[in-house]
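Notes follow the structure.
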Amino acid sequence: MSDNEKNTAAPAVDSGEPAFRYNAAMAQGIEERWQQYWDEHGTFWAANVNGDLKDGEGRNAEGRKSYFAMDMFPYPSGKGLHVGHPLGYLATDVVSRYHRMKGENVLHAMGYDAFGLPAEQYAVQTGQHPRVTTEQNIANMRRQLHRMGLSFDDRRSFATIDPGYVRWTQWIFSRIYDAWYDPEATNPSGSKGCARPIADLVAEFESGIRAIPGHDGKVWNELTAVEQTDVLNEFRLAYISKSPVNWCPGLGTVLANEEVTAEGKSERGNFPVFQRELRQWSMRITAYGHRLISDLDTIDWPEKVKLMQRNWIGESHGASVHFTVETPSGDQDMEIYTTRPDTLFGTTFAVVSPEHHLLACVPDAWPANTPESWTGGYATPKEAVTAYRRAAEAKTAKDRVDEAGEKTGLFTGLYAINPITGAELPLFTADYVLMDYGTGAIMAVPGGDQRDYDFAVKYGLPVIYTVQPLPESGDDLSDYEGKAPFVSHDGIVINSSVDATRADGQPLSIDGLRVDDAIAKVNAWLEQAGVGKGTVSYRLRDWLFSRQRYWGEPFPIVYDEDGVAHLLPDEQLPINLPDVPDYSPKTFDPEDAESNPEAPLSRNEEWVKVTMDLGEGPKTYYRDTNTMPNWAGSCWYYMRYLDPTDTEHMVEKDEYDYWMGPDRGNGRSGGVDLYVGGVEHAVLHLLYARFWHKVLFDLGYVDSAEPFHKLFNQGMIQAYAYTDDRGQYVPAAEVEEGPAGADGEPTFTWNGQHVNREFGKMGKSLKNIITPDDMYENYGADTFRLYEMSMGPLAESRPWNTRNVVGGMRFLQRLWRNVVDETTGEVRVSEDEPDLKTLKLLNNTIADVTVEMEGMRPNTAIAKLIVLNNHLTSLDAVPRAAVEPLILMLAPIAPHICEELWNRLGHAASLAHESWPVADERYVGQDTITAVVQIKGKVRAKLEVSPDIDSAELERMALEAVADRLGGKTPRKVIVKAPKIVSIVPAE
RNA sequence: GCCCCCGUGGCGAAAUGGUAUACGCAGCCGACUUAAAAUCGGCCGCUUCGGCUUGCGGGUUCGAGUCCCGCCGGGGGCACCA
C-alpha cells in the first residue's frame with residue numbers, strides 16, 4: 001500500500017463527532033480496503049509441497065510446520081446467513097490467524113456442499129435449474145463470508161457439484177465398489193480387518209484358496225456371469241440388495257437409518273417413513289463397526305460426540321446359541337443372540353420376529369391344552385402367524401414406537417429345546433423382536449429382562465430368577481419376586497447347574513460365580529459342546545446409499561441386458577447429470593405406503609440407454625438412474641482442499657503427508673488438525689466420512705486412519721422471539737423492554753401492546769433474524785467478530801443480544817484513540833520506554849492471552865486485552881512498545897483495524913505473518929501478592945507479601961495477623977501454601 | 001425408561017481444589033457541556049453490619065462454584081437393539 005493511500009479512512013460524516021473517530025463508517029472503509037489488500041497480495045495463500053499451489057505469498061512449505069484448520073462447509077441455501085451461522089467460521093479464522101503468526105503454514109479454505117434436497121426443492125419452487133439457483137446462492141454466501149474478513153485461501157475453494165469434484169466422488173465410489181472387507185487381513189495401522197481390492201477375492205476363488213459361498217465345490221470360471229456377480233455382491237463394500245429399507249413417499253426417495261427420526265419420520269420434511277423391501281445400493285459400513293469404535297480412542301474429539309458414535313454403532317458382546325426346534329418337517333436349527341448367556345438357565349420361552357424363516361414350519365394344529373390367550377383366537381398356528389405377520393408389516397415405524405412397551409405376540413405351536421438344560425420352551429412370535437438385529441430370535445429370560453417379563457406376565461409364562469445382587473448391596477432377591485425383573489449386571493449367579501445326566505452335554509455349574517465370570521464359563525461350554533459361541537453384535541446397519549432424486553451424483557454403473565452391473569472405467573468419469581424434462585422428484589401422498597420410488601433420471605431415455613464397449617465389444621447398457629445421497633460429497637471434501645486443481649489424483653500423497661499425514665512433528669495421529677462444526681453431524685457426516693476414509697486408508701490412498709484429529713463443536717447462537725396475544729410473531733427488533741413487573745420479570749411491548757418473550761432459535765418465521773450485513777452497517781465486521789468471540793465459551797450456546805455489541809465497539813474506539821488523534825488523524829504514540837507497571841501488565845497479558853488462544857478461549861483473551869488497553873488509556877502517553885504487541889494480539893480477532901493501526905504505525909507489510917508476541921520473563925509475575933489467612937476456611941486477614949516469601953516467614957506473619965482470634969492457643973494445624981494461602985485450624 | 005451435558009449478580013459471563021462475581025452490557029453518582037450525546041473518573045450480589053451468598057440437601061477436605069452421593073430444574077442423545 002502506498003503512502004498516499006494510507007490515510008484514506010473516511011472522516012466521520014456525523015456532525016459533532018471528531019473527524020477521525022473510529023465509527024461504523026470508518027470501519028467499513030478500513031475493512032474493505034484491507035480485504036482488497038489481502039486479495040491482491042494473496043496474503044492467505046498456503047504453500048503446497050508440489051504442483052500449482054506451491055507458491056504461497058512468497059513463502060514455501062519446506063521446513064515449515066503445517067496447520068490445517070477447517071470448518072464444516074456450508075450448504076448454500078437461498079436464505080443467506082444470519083449472525084448465528086458464522087460463529088464456527090470466526091473461531092477457525094481466529095485460530096488460523098493465530099497459527100500463522102506463530103510461523104506455521106496454515107491451510108484454511110472454504111468449499112460448498114451444494115448437492116441435495118433443499119437446493120432441489122428451491123429450484124422446483126422457482127422453476128429454475130438447480131445448478132443456476134445453487135450457483136447464485138454460492139455467490140451470495142461467498143460475498144457475505146468475504147465481508148467478514150475470513151482468511152481463506154481462495155484458490156482452494158470448490159463446490160461438490162463441480163464436474164472436477166464429482167469425478168473424484170465417483171472415483172471413490174468405484175474404489176469402494178471394487179473392494180471387499182477381509183476380516184482376517186491386517187490393515188495398515190496393524191489391527192485386524194482390512195479392505196482389499198475385489199480382484200484379490202476373485203483370484204482366491206479362481207485358485208481355490210477360498211471356497212465360493214453358496215457354490216460348494218464349484219470352480220469359479222464355471223459360474224455364469226450372473227452367478228459371479230451375485231457372489232461378489234455379497235462381498236463388495238458398495239452393493240445392491242433387495243432388503244427392507246426406509247421408503248418415504250412424501251419425499252419420493254428412500255432414506256438411510258440416520259435420516260429417520262425416532263418418531264419414524266424423515267429428518268427433512270417430517271414425512272412418514274415405511275419399511276419396504278426394495279432393491280437399493282448400500283455401503284457395508286457394518287464391516288467397520290469395531291474399528292469405528294476403537295479408533296475413537298486415537299482422536300481428540302468431544303467425549304459427547306464419541307459417546308454418540310459408540311451408542312449409534314452399538315457394539316454389544318454376547319453369544320449366539322443354537323436351539324433345536326421340533327417341527328412337523330423335522331428338527332430345525334434356531335440361532336439366537338443374547339448378551340447374557342449366564343441367564344440361559346432362566347429362559348422360560350423363546351421368541352422369533354414376525355419375519356423369521358422358522359414361521360414357515362409351524363404345525364397344522366395347536367398342541368393340546370394351548371391356552372386361549374396364546375392363539376389369538378385363530379384356528380391354527382398357520383393362520384395365526386400369517387395374520388400376525390401381515391399386521392406387523394402394516395405398521396409404520398411410528399406405530400411401533402407408539403406401542404413400545406405394550407407387548408403383542410402369538411404362540412407358534414412349536415417348542416425349542418434349551419441346549420444346556422434340555423428344557424422344552426414354547427416358541428412365540430412377537431414384533432418386539434427385530435429381524436435385523438442379532439439373529440431375529442431370542443431366548444426370553446423374564447427374570448432378567450423387562451420386555452420378556454412384560455410378555456411373560458401377559459401370557460402367563462413362568463419366571464425364573466438366576467442372578468442375585470452382590471451381598472454388599474444389601475438387596476434381597478425376594479424383593480424382585482413378582483415385581484420388576486432383576487436386571488443388574490453386577491450379581492452372583494444362582495440356580496444355574498446341570499449335572500452329567502444330560503446325555504449330550506458335559507456337566508456345567510455357574511452357581512456362585514459373578515456374572516462376568518459366568519458368561520465366560522458358559523461361552524466356553526457352548527463352544528466345546530458345539531452349540532454356540534461368543535459373538536459381537538452391532539446396532540449399526542449398512543448405509544443405504546441410493547436416492548431417487550435428481551440433484552446428486554449419478555452412479556458410475558451400467559447394467560447389461562441380463563441385469564448384471566458393470567462399473568464404468570475411470571476414464572469415463574465424471575458421469576454428469578443429464579438434462580431431463582422435469583427434474584422434480586416423483587413424490588406421493590405421504591401416507592401412501594404402497595407407492596413405488598421413481599428416479600427422475602429415468603425420464604431421459606437417451607441418457608439411460610447407451611451403447612459402449614466394456615471389453616466385450618459394443619453392447620447396449622442401461623445406466624443406474626439413482627443418485628448418491630448428499631453425504632457423498634461431504635465424505636471426502638477435506639482432502640480436496642489440499643489441491644482442488646489436481647486432475648491426476650483425488651489427493652496427491654506428498655500433499656497428504658504434509659498437511660494430514662501422521663507424525664508431522666506434532667504428535668498427532670494424522671488428519672485435519674482442527675475441525676469445527678455443529679454437533680448435529682455427530683452420527684451422520686462424521687460417521688460416514690470416517691468410514692470412507694478408512695476404506696481409502698486400507699486401500700493405500702491415504703496415510704492416516706482418521707480424517708479429523710481434533711473436533712470442536714461450537715455452540716448455537718440463540719435469540720429471543722416475541723409473540724402478541726394472538727400468538728403471532730412480531731418483529732423482535734421493534735420490541736421495547738419495560739420495567740420488571742410484580743413477579744420480577746421485565747415486560748415487553750410492541751406498538752404499545754403487550755407481547756410475550758420466547759427463547760430459542762433465530763429464524764425468519766420467528767421474525768428475529770439479524771444478519772451479518774446489519775452488523776457491518778451499524779458497527780463494522782471487526783466489532784461483529786469481537787462481539788461473537790467475546791459472548792462466552794465457544795462450545796456453549798448463548799443468546800444474541802444486539803444491545804451488548806456496543807461494548808466491543810467502545811473497546812476498538814479506545815484502542816484507536818490510543819494510537820490516532822481523533823481530531824487530527826495523526827499517530828500519537830510515544831517512543832519512550834513504558835514504565836515498569838505497564839511492562840508488567842503487558843508481559844503478563846502476553847503470557848495469559850497466549851494460553852487463552854491455545855485453549856481456544858477468545859472470550860477470556862479479549863477480557864485481558866481490554867484490561868491492558870484500559871490501562872494504556874489511563875496513561876499520559878501511550879508507548880509504542882506496549883500498544884504494538886496489543887495490536888498484534890488482537891489482530892486474529894479484529895484483523896482489519898489492527899492492520900490499519902499497524903500500517904499507520906509505520907509498518908509497510910500486513911501483520912498477518914508478524915510474529916506473535918513473546919512475554920519477557922523478567923516482567924511476568926507480580927511484585928507483591930495478596931496472601932490470604934484463613935481460619936476454618938474463612939478469610940480472616942490479608943497480607944501483602946513478596947511472591948517468593950518462604951513458608952516459615954509467611955506462617956509467622958499470618959499467626960501474628962490473626963493472633964487475637966486464636967486467643968493465645970496454639971493452632972491444631974497450619975497449612976501454608978506460599979505465597980497465596982495460610983489455612984489455620986484452631987485449637988478446640 | 002436408559003445415557004450424557006448444564007444450573008454463578010438485573011443480563012452475557014470469569015475463576016490449575018485456594019480472596020467468588022475478572023471483562024462487557026444495563027443501572028447509579030460525578031467531571032466536561034448552555035444542554036444532550038459522546039468521552040473521562042467512581043459506584044454497582046444480599047445483609048438486621050454479626051454475617052450470608054455459586055439451584056436444593058448431604059459428604060470428602062485445613063479449604064468446594066470446582067471432587068463424591070441424592071434430589072430439583074433446563075437442554076441434548078438413544079429408544080422394544082435381547
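The values are calculated or read from the model by the stated rules, or taken from the named source; none is laboratory data. Keep in mind the model is a prediction, meaning the values are calculated, not measured. All Cβ positions, even for glycine, are placed from backbone atoms using ideal geometry, and neighbour counts span all protein chains on display. For the accessible areas, the whole protein counts, side chains as well, though only heavy atoms, and no ligand, DNA or RNA atoms are used. Shrake-Rupley method; radii C 1.70, N 1.55, O 1.52, S 1.80 Å.
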Restricting attention to segment A:832-847, and to residues there that are touching a strand residue (DSSP E or B) at 6+ places or on another chain (Cβ under 7 Å) and open to solvent by less than 30 Å² (accessible area, probe 1.4 Å), which single residue is nearest to residue A:890 (Cα to Cα)? A:838
Test result for residue A:809, near RNA strand B (Cβ under 10 Å from one of its atoms), surrounded by 14 or more Cβ atoms within 10 Å (Cβ to Cβ), among the hydrophobic types (A, V, I, L, M, F, W, C) and more than 33 Å from the chain's Cα centre (by Cα): yes
Just to be sure, is residue A:91 surrounded by 22 or more Cβ atoms within 10 Å (Cβ to Cβ), in contact with a Lys or Arg (Cβ under 8 Å, 6 or more places away or on another chain) and modelled with pLDDT of 95 or more? no
Candidates A:803, A:757 - the one that is more than 9 Å from RNA strand B (Cβ to nearest atom), at pLDDT below 90 and open to solvent by 20 Å² or more (accessible area, probe 1.4 Å): A:757
I'm told residue A:772 meets every condition in (1) touching a residue at least 24 places away in the same chain (Cβ under 8 Å); (2) closer than 17 Å to residue A:731 by Cβ; (3) more than 10 Å from RNA strand B (Cβ to nearest atom); (4) surrounded by 14 or more Cβ atoms within 10 Å (Cβ to Cβ) except one. Can you identify the failing condition by its number? (2)
Name the pairs whose Cβ atoms lie under 6 Å apart, with the first residue in segment A:18-31 and within 14 Å of RNA strand B (Cβ to nearest atom), the second in a helix (DSSP H, G or I) and of a type in the set (S, T, N, Q), and 6 or more positions between them or separate chains? A:22/A:813; A:24/A:778
Pick from segment A:928-957 the residues that are assigned to a loop (DSSP other than H, G, I, E, B) and either near RNA strand B (Cβ under 9 Å from one of its atoms) or free of Cβ contacts under 8 Å to residues at least 12 places away in the same chain (or both): which of them is nearest to residue A:985 (Cα to Cα)? A:936
In segment A:539-588, which residues are within 23 Å of residue A:228 (Cα to Cα), surrounded by fewer than 18 Cβ atoms within 10 Å (Cβ to Cβ) and of a type in the set (D, E, K, R)? A:560, A:561, A:562, A:570
Is segment A:522-538 home to any residue that is under 30 Å from the mean Cα position of the chain (by Cα) and surrounded by fewer than 15 Cβ atoms within 10 Å (Cβ to Cβ)? yes
Step by step: first the residues of segment A:257-297, then only those that are touching a residue at least 60 places away in the same chain (Cβ under 8 Å) and open to solvent by 70 Å² or more (accessible area, probe 1.4 Å), then the one that is nearest to residue A:558 (Cα to Cα). Which residue is that? A:275
Sort out which residues of segment A:366-386 are in contact with a Ser or Thr (Cβ under 9 Å, 6 or more places away or on another chain) and open to solvent by 60 Å² or more (accessible area, probe 1.4 Å), and write them in order of number. A:378
Using beta carbons and a limit of 6 Å, which pairs, at least six apart or on different chains, have the first residue in segment A:823-846 and touching a residue at least 40 places away in the same chain (Cβ under 8 Å) and in a helix (DSSP H, G or I) and the second one among the β-branched types (Val, Ile, Thr) and surrounded by fewer than 20 Cβ atoms within 10 Å (Cβ to Cβ)? A:843/A:924; A:844/A:924
Hey, could you check segment A:298-321 for residues that are in a loop (DSSP other than H, G, I, E, B) and within 11 Å of RNA strand B (Cβ to nearest atom) and say which is nearest to residue A:686 (Cα to Cα)? A:302
Is there a residue in segment A:623-640 that is in a helix (DSSP H, G or I), modelled with pLDDT under 95 and out of contact with any helix residue (DSSP H, G or I) (no Cβ under 9 Å at 6 or more places or on another chain)? no
Could you tell me whether any residue of segment A:630-649 is within 32 Å of the chain's Cα centre (by Cα) and basic (Lys, Arg)? yes
Residue set A:370, A:324; condition hydroxyl-bearing (Ser, Thr, Tyr), in a loop (DSSP other than H, G, I, E, B) and either more than 14 Å from RNA strand B (Cβ to nearest atom) or modelled with pLDDT under 90 (or both); output residue A:370
